[in-house]
1. Select from the range 49-71 the residues that are buried (at least 16 other Cβ atoms within 10 Å of the Cβ) and farther than 15 Å from residue 103 by Cβ and list them in ascending order.
2. Kindly list the number of the only condition in (1) surrounded by fewer than 17 Cβ atoms within 10 Å (Cβ to Cβ); (2) farther than 18 Å from residue 156 by Cα; (3) modelled with pLDDT of 95 or more that fails for residue 112.
3. As an exercise: evaluate residue 74 against (1) surrounded by fewer than 17 Cβ atoms within 10 Å (Cβ to Cβ); (2) at pLDDT 95 or above; (3) closer than 21 Å to residue 30 by Cα; (4) touching a strand residue (DSSP E or B) at 6+ places or on another chain (Cβ under 9 Å) and give the number of the one condition it does not meet.
4. Please go through the range 137-158 and pick out each residue that is free of Cβ contacts under 8 Å to residues at least 60 places away in the same chain and over 18 Å from residue 120 (Cα atoms).
5. Out of 117, 91, which single residue is assigned to a helix (DSSP H, G or I), in contact with a strand residue (DSSP E or B) (Cβ under 8 Å, 6 or more places away or on another chain) and on the phi < 0 side of the Ramachandran plot?
6. When you look at residue 166, is it under 21 Å from the mean Cα position of the chain (by Cα) and farther than 19 Å from residue 27 by Cβ, yes or no?
7. When the residues of the range 28-43 are filtered to those that are outside any loop (DSSP other than H, G, I, E, B) and without any contact (Cβ under 8 Å) to a residue 40 or more places away in the chain, which remaining residue is surrounded by the fewest Cβ atoms within 10 Å (Cβ to Cβ)?
């Protein structure tokens, strides 16, 4: 591992990782949390993460049961296995939380994200951006003589790969929705 990747890994750790034994594995988990759809619930959930130094990689929230007044918060977070266990236990103790599911360990899941990327360029860079968009099945949702806005959906690693390829071609702006996820099957 080079110095740059070590620095990047160190910046992604929570405060609880400072005292972890060397070699402790940092894992990424996708949590689905069913909560009451009422004011302040999201702030309480996010406050738990902020107050304990846990990092949120991705966050999405939407109402899932209008009549039952329930929303689903999907959070992608990282930490050691013991930190992930702490996060789930502490989330379950928050009063408006009905369910906490760790999609990473409960079984195979499907994760998708939407992103829009603005790529500015002319000539060959413009042609190459369009060629790569075709390969990644990205759609052009806006175009001018100087730029494109691409829309892409898929797994987060697919979007990351598309972003990396667009950087040298004139990537100037990115907007991402965050991960939406659910268990596969019945």
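1. Within the range 49-71, 49, 54, 55, 61, 70, 71 qualify.
2. (2)
3. That leaves (1) as the condition not met.
4. If the condition is that a residue be free of Cβ contacts under 8 Å to residues at least 60 places away in the same chain and over 18 Å from residue 120 (Cα atoms), then 137, 153, 154, 155, 157, 158 are the ones that fit.
5. 91
6. Against the criterion (under 21 Å from the mean Cα position of the chain (by Cα) and farther than 19 Å from residue 27 by Cβ), residue 166 qualifies.
7. Only one residue fits best here, namely 43.
Conditions tested, residue by residue: (1) touching a helix residue (DSSP H, G or I) at 6+ places or on another chain (Cβ under 8 Å); (2) farther than 16 Å from residue 169 by Cβ; (3) surrounded by 12 or more Cβ atoms within 10 Å (Cβ to Cβ).
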{"residue": "90", "(1), (2), (3)": "yes, yes, yes"}
{"residue": "104", "(1), (2), (3)": "no, yes, yes"}
{"residue": "118", "(1), (2), (3)": "no, no, yes"}
{"residue": "124", "(1), (2), (3)": "no, no, no"}
{"residue": "134", "(1), (2), (3)": "no, no, no"}
{"residue": "138", "(1), (2), (3)": "yes, no, yes"}
{"residue": "151", "(1), (2), (3)": "no, yes, yes"}
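The values are calculated or read from the model by the stated rules, or taken from the named source; none is laboratory data. The structure presented is a predicted model; accordingly, all values stated were derived computationally and were not measured. Please note: Cβ atoms are built from the backbone with ideal geometry, for glycine as well, and neighbour counts cover all protein chains shown.
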